[in-house]
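Each remark here refers to the structure printed beneath this line.
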């Protein structure tokens, strides 16, 4: 369990989020301008050097050339290719530095400041932890990165960007690319108190994978008798246990998450002392920043703050 994070500030909300993000966007913009200037300078210089390398490559070898020149001439294709690759690496190094500044420095500090969460772009929530929830099918290929984690009210919170890819039945003749069965966020909450049993919460008219259908048949349908919550389907093996998690505020937060992610079909599984949530979202918000566009023009960073806030607010409705 990570240390308890600081409570996000009021500036985290929609109204003042740009003001709260200003210090981080200022740093990102400063890095962008610095690296863009280096990129443009190196591009011009390396174009001249590249033309020079090609010109040398096309020159005939003098009859009285030194042995070293003879060796270079005999391997001129290799040296030309190596030289061009080296120049290309020099040109694009500032672009990589800008992307690294965002992913390795600014984004982790921003998430720690606003939400008390740690960030690793190369880690993930292991699929073996999610499989018992019934939210993923082991027949699909699980691809995940952009991992966030931290503690809040003695509850461990984790979420990551996930793709579930269907590779079964791929036609080797047409070479059709595998299609995404799911793309979005996986969120897990580890409760300090064990909640036994298994409960599914889905949106009305939502779709279920085959594993969820099989598990659902072993559960009992719960009728909430509440018109304000009629857009949820709830199936559980033990409603008394599930009531420790299911509440009007909890379901209201699921609704808010669904709206934030474009009215997506939120699914939730409560299994033992874990709460799992899947939130489909097709937009790519973790792509590397474009060095040719000002940092303040990005819509992805404010959206990530909103999504993080909504995910953390779910914790406030869970039993601590």
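The values are calculated or read from the model by the stated rules, or taken from the named source; none is laboratory data. None of the values given here were measured: they were computed from a predicted structure. For neighbour counting, all protein chains shown are included, and Cβ atoms are generated from backbone atoms with ideal geometry for every residue, glycine included.
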_Criterion (in contact with a helix residue (DSSP H, G or I) (Cβ under 7 Å, 6 or more places away or on another chain) and either under 19 Å from residue 275 (Cβ atoms) or at pLDDT below 55 (or both)) met by exactly one of 199, 174_ = 199
*Only one of 281, 239 is modelled with pLDDT under 85, under 25 Å from residue 103 (Cα atoms) and in contact with a strand residue (DSSP E or B) (Cβ under 8 Å, 6 or more places away or on another chain); which?*
281
*Unmet requirement for residue 272, which otherwise passes all of (1) at pLDDT below 85; (2) surrounded by 13 or more Cβ atoms within 10 Å (Cβ to Cβ); (3) farther than 25 Å from residue 160 by Cα*: (3)
*Could you check residue 287 against (1) touching a residue at least 40 places away in the same chain (Cβ under 8 Å); (2) within 17 Å of the chain's Cα centre (by Cα) and say which number it fails?*
(1)
*Which residues, counting only those in segment 122-134, are part of a loop (DSSP other than H, G, I, E, B) and surrounded by 16 or more Cβ atoms within 10 Å (Cβ to Cβ)?*
123, 124, 125, 134
*Filter segment 254-269 for residues that are under 18 Å from residue 144 (Cβ atoms) and out of contact with any helix residue (DSSP H, G or I) (no Cβ under 7 Å at 6 or more places or on another chain); which is surrounded by the fewest Cβ atoms within 10 Å (Cβ to Cβ)?*
261
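In segment 282-316, what residues are surrounded by fewer than 17 Cβ atoms within 10 Å (Cβ to Cβ) and under 23 Å from residue 259 (Cβ atoms)? Before you say what the answer is, go through the steps one by one.
Residues of segment 282-316 that are surrounded by fewer than 17 Cβ atoms within 10 Å (Cβ to Cβ), as a first pass: 282-288, 290, 292-294, 296-297, 299-300, 302-303, 306, 313, 316.
Listed by number, the residues that qualify are 282, 283, 284, 285, 286, 299, 300, 302, 303, 306, 313, 316.
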*Select, from 146, 109, the only residue that is crowded, with 18+ Cβ neighbours inside 10 Å and either assigned to a strand (DSSP E or B) or not assigned by TED's automatic domain parsing to the domain that holds residue 272 (or both).*
146
*Keeping to segment 39-73, report how many residues are surrounded by 11 or more Cβ atoms within 10 Å (Cβ to Cβ) and either more than 30 Å from residue 292 (Cα to Cα) or in contact with a strand residue (DSSP E or B) (Cβ under 7 Å, 6 or more places away or on another chain) (or both).*
9
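Could you check, for segment 75-89, whether at least one of its residues is within 30 Å of residue 110 (Cα to Cα), at pLDDT 90 or above, within 35 Å of the chain's Cα centre (by Cα) and surrounded by fewer than 13 Cβ atoms within 10 Å (Cβ to Cβ)?
yes
Among residues belonging to segment 207-224 that are surrounded by 16 or more Cβ atoms within 10 Å (Cβ to Cβ) and touching a strand residue (DSSP E or B) at 6+ places or on another chain (Cβ under 9 Å), point out the one that is modelled with the highest pLDDT. I'd like the intermediate steps shown before the answer.
Within segment 207-224, the subset surrounded by 16 or more Cβ atoms within 10 Å (Cβ to Cβ) is 208-209, 211-212, 215-216, 219, 222.
Retained after the next criterion (residues that are touching a strand residue (DSSP E or B) at 6+ places or on another chain (Cβ under 9 Å)): 208-209, 212, 215-216, 219, 222.
Details: 208: 53, 209: 49, 212: 57, 215: 64, 216: 63, 219: 77, 222: 74.
Looking at the filtered set, the residue picked out is 219.
Output the number of residues of segment 269-311 satisfying the condition of being farther than 23 Å from residue 131 by Cα and part of a helix (DSSP H, G or I).
14
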